[in-house]
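Report on the following structure.
The values are calculated or read from the model by the stated rules, or taken from the named source; none is laboratory data. What you see is a predicted model; the values in this text were computed from it and never measured. Here the Cβ is made from the backbone with ideal geometry for all residues, glycine too, and neighbour counts use every protein chain on show. Note: areas computed on protein heavy atoms with side chains; ligands, DNA, RNA excluded. Shrake-Rupley method; radii C 1.70, N 1.55, O 1.52, S 1.80 Å.
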Amino acid sequence: MAGCARATMVAAAIALACFASTPASGQPAGQWEGLAIEGVEAFNRGDNDNALDKFHRSLAVARGFAPTDQRLINSLLNVAVTYRRLRRLDQAEIYYLDAIRLQELAADPDLVVSLDALGQVYHELGLAGRAEEVFRDAIRRVEEIAGADHPFTAIVLEHLGETLLNLGRYEEVGDIYGRVVHIREGTFGPNHRSLAPALTREGLAFMAVSRNLDAVQVLRRALGIWRAGGPPPTGELLTTLEALVDVSQTLGRHRDAVDYQRQVINVRAVVEGERGAVFAEELLEYARLLRRAGDTVEAAAAEIQAAQARERGLVRP
């Protein structure tokens with residue numbers, strides 16, 4: 001079964017069971033396994049076109065197997081995952097739908113993983129209504145299989161929340177991310193890093209419906225989690241900090257807003273360097289916040305720094 005493990009796609013959020021039916025003996029089975037292994041190896045080294053070719057060829061062989069044979073399902077999913085990586089989302093949708101149809105026939109428990117992936121494809125295509133429908137189907141199924149508090153339930157809920165956030169359904173979003181936090185607290189503990197993105201988005205939803213004090217509470221908790229461990233993902237940390245800047249201004253807490261904006265600048269300085277238009281604009285925002293807080297001297301210094309950062313951005317290193 002070692003070859004089977006290598007022939008099953010495990011990247012891009014896909015984790016499928018090895019086929020448990022016909023052993024990999026005989027010419028078609030051996031041909032399928034060889035092509036699938038070559039495809040996975042090409043995929044893992046980023047050779048996407050070669051991977052797609054191998055997966056299509058392994059799929060052509062798998063078409064000769066029974067409709068519920070795991071090798072056929074795996075082949076369809078491998079093609080779908082590769083099309084998604086290539087951003088050929090319309091093609092990815094076709095192969096996910098075909099795989100899901102067979103997974104339903106086979107009563108494959110990994111169907112929920114495929115549904116979640118299809119929902120993400122619809123989300124990326126801007127088809128929010130379809131994405132919501134698929135995510136809710138996946139949530140219903142995983143709850144039936146594994147329970148309402150399973151970690152994978154939280155993953156799909158998080159994806160549903162992102163879709164609803166884009167649709168502006170903020171009350172629902174707050175409830176969904178609150179549930180994600182509850183599940184992950186029970187599974188991983190109250191300070192696990194996986195809580196921070198959910199807390200941040202819960203905070204954004206609270207801000208959108210003017211629950212600003214609740215927003216401050218969850219956003220500060222998210223920031224504390226990010227600060228407690230190793231270097232956090234830059235984008236996520238900036239999202240949390242920028243939300244805290246905005247909600248602090250809304251509440252009239254100008255000194256807090258200044259402090260969080262200073263942290264935004266420090267993060268960008270480390271990651272992007274103290275130069276360029278984006279960094280200059282962050283410094284100007286810092287200066288505006290300082291003036292609102294009554295610190296005109298430091299505000300003037302920040303404005304000078306902003307001009308210097310903009311000039312440095314015009315000069316090639």
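Take every Cα pair under 8 Å whose residues are at least 6 apart in sequence, average their separation, divide by the length of segment 181-317, and the relative contact order is 16 percent. Sorting 220, 268, 193 on solvent-accessible area from highest to lowest, probe radius 1.4 Å, gives 220, 193, 268. Surface analysis of segment 186-317 yields an accessible area of 50 Å² per residue, using protein heavy atoms and a 1.4 Å probe. Counting Lys and Arg as +1 and Asp and Glu as -1 over every other residue whose Cβ lies under 12 Å from the Cβ of residue 290, the net charge comes to 0.
Using only the Cα atoms of segment 41-185, build the gyration tensor, take square roots of its eigenvalues as a ≥ b ≥ c, and label the shape rounded, prolate or oblate: rounded if a/c is under 1.5, else prolate if a/b is larger than b/c, else oblate. Taking the square roots of the gyration eigenvalues as a ≥ b ≥ c, segment 41-185 is prolate. Database remark: amide H of residue 295 closer than 5 angstrom to no amide H (H placed geometrically; neighbours at sequence offset of 5 or more, or on other chains; Pro and chain starts carry no H). Residue 295 contributes about 40 Å² of solvent-accessible surface, heavy atoms of the protein only, 1.4 Å probe. Just check segment 173-231 against the gyration tensor rule for me: Cα atoms, a ≥ b ≥ c as the square roots of the eigenvalues, rounded for a/c under 1.5, and otherwise prolate or oblate depending on whether a/b exceeds b/c. Oblate, since a/c reaches 1.5 and b/c is not below a/b. Directionally averaged projected area (segment 125-179, Cα convex hull): 3.4 nm². If a paramagnetic tag sat 7 Å from the Cα of residue 107 along the Cα-Cβ line, which residues of segment 121-137 would have the backbone N under 16 Å from that point? Under 16 Å, as judged by backbone N against the label point of residue 107, lies no residue of segment 121-137.
For segment 53-125, the solvent-accessible area with a 1.4 angstrom probe is 37 square angstrom per residue. Rolling a 1.4 Å probe over the protein chains gives residue 175 an accessible area of about 110 Å².
Cα-based radius of gyration for the chain, normalised by 2.2 N^0.38 Å, reads 1.23. Projecting the Cα atoms of 173, 215, 146 onto the charge dipole of segment 124-218 (Cβ charges, centred on the Cα centre) puts 215 farthest toward the positive pole. Which residues among segment 244-283 fall inside the zone where the amide N is under 11 Å from a point 7 Å beyond the Cα of residue 312, along Cα→Cβ? Once the point is set 7 Å along Cα→Cβ of residue 312, 269-270, 272-276, 279-280 turn out to lie under 11 Å by backbone N, inside segment 244-283. In this label model, residue 210 and residue 166 are separated by 2.9 nm, measuring between points 7 Å along each Cα→Cβ vector. The phi torsions of segment 143-158, fed into the Karplus equation with coefficients 6.51, -1.76 and 1.60 and a -60° offset, translate into couplings of 5, 5, 7, 10, x, 5, 10, 6, x, 6, 4, 5, 4, 5, 4, 4 Hz, rounded to whole numbers, with Gly and Pro shown as x. Helical content alone sets the calculated 222 nm signal of the chain at -25500 deg cm²/dmol, taking -39,500 (n - 2.57) per DSSP H segment of four or more residues and averaging over every residue. Per-atom-type breakdown for the chain gives carbon and sulfur 53% of the accessible area (1.4 Å probe, protein chains only). Against the longest alpha carbon principal axis of the chain, how many degrees, from 0 to 90 and to the nearest 10, is the axis of helix 195-208 turned? The angle comes out at about 60 degrees. Extending 7 Å from the Cα toward the beta-carbon at both residue 140 and residue 90 defines two label points whose distance is 3.0 nm.
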